[in-house]
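Quick note: the coordinates plus some simple rules give every number you see, no bench work behind them. It should be emphasised that the depicted structure is a prediction, and the values quoted were computed from it without experimental measurement. Here the Cβ is made from the backbone with ideal geometry for all residues, glycine too, and neighbour counts use every protein chain on show.
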Amino acid sequence: MASFKEIITKSIIGKVKRTNTMNFSFTPDEKVNTVLGCWVINHNFKGENEGGKVSINGSFDVNVWYSYDNDTKTKVNNKKFTYHELLNVPLKNEVPLTNNSQIIVRSLKQPTVTNVKIENDNIILDLEKELGVEIVGDTLIKVPVEEDYDEYEEILDDTVEENIEAVNENYLD
């Protein structure tokens, strides 16, 4: 008959992913004729508990290469953008999100510029990113335990003495 032991361990108690499209705009010093390229770098983010929900604060830099002065000159403009997201992560067994829970945020798809347009001297950027969130918390598991223990094999001293007597003392001669 097996009995059970309860073990408290860490495990993933909630997991979600979210794809998000964001719009940002900025006004460069020059009157832009054509946007020649865009890229996103330095994506940083952190997740924390905010009233039972996961709050993600992040930032990234967007570099926009554009032409101006009737397409005779080019420039790269760097702009830092920030974002804030509040996610409701469903947890297993309806365990509440606490400050003891570990929040792991991963970028599943780095922010990418999907569309750029020029409107009224502003550069308008559409960005898409995908974040994955895992919540690690305490979990109780039950493990069956066998009551039947293996017996130790007993070594009798007689066996040791017999082996010692069987040693040839003149072996090296």
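Things to note:
- Here the Karplus relation 6.51 cos²θ - 1.76 cosθ + 1.60, evaluated at θ = phi - 60°, turns the backbone of segment 114-125 into coupling constants of 9, 7, 9, 8, 10, 9, 6, 6, 9, 9, 10, 10 Hz, with x for every Gly and Pro.
- Applying a DSSP loop filter and a limit of 13 other Cβ atoms within 10 Å to the GluC sites (Glu not before Pro) in segment 53-128 leaves nothing.
- For the chain, modelled as a GNM whose springs connect Cα atoms under 10 angstrom apart, the maximal fluctuation among P144, P96, P28 occurs at P144.
- Distance between the C-alpha centres of segment 108-154 and segment 1-71: 14 Å, rounded to the whole angstrom.
- Mean sequence separation of contacting Cα pairs (under 8 Å, at least six apart), scaled by the length of the chain, corresponds to a relative contact order of 33 percent.
- Taken one residue at a time, the phi angles of segment 74-90 give Karplus couplings (6.51, -1.76, 1.60, θ = phi - 60°) of 10, 7, 10, 10, 10, 9, 8, 10, 10, 8, 9, 10, 10, 10, 9, 9, x Hz. Gly and Pro are set to x.
- Two-site label geometry, N99 and N33: point separation in nm, points 7 Å out along Cα→Cβ: 5.8
- Note on segment 2-165: dipole from Cβ charges, positive end direction compared against I8, N23, I118; the farthest Cα belongs to I118.
- Gaussian network model of the chain, Cα within-10 Å springs - most flexible of Y83, Y68, Y152: Y152
- Under a model in which nothing but the beta-carbon of Lys, Arg (+1) and Asp, Glu (-1) is charged, the chain shows a dipole of about 3060 debye around its Cα centre.
- Between V136 and N120, the simple label model (points 7 Å from Cα in the Cβ direction) yields a spacing of 4.8 nm.
- Cross-linked pairs K31/K79; K53/K142; K53/K79; K17/K92; K15/K79: Cα-Cα separations exceed 22 Å for K53/K142; K53/K79; K15/K79.
- Given the alternatives (i) 62; (ii) 28; (iii) 43, percent of Cα pairs over 24 Å apart as computed for this entry is given by (i).
- Amide H contacts under 5 Å for V89, placed H, 5+ residues apart: V54
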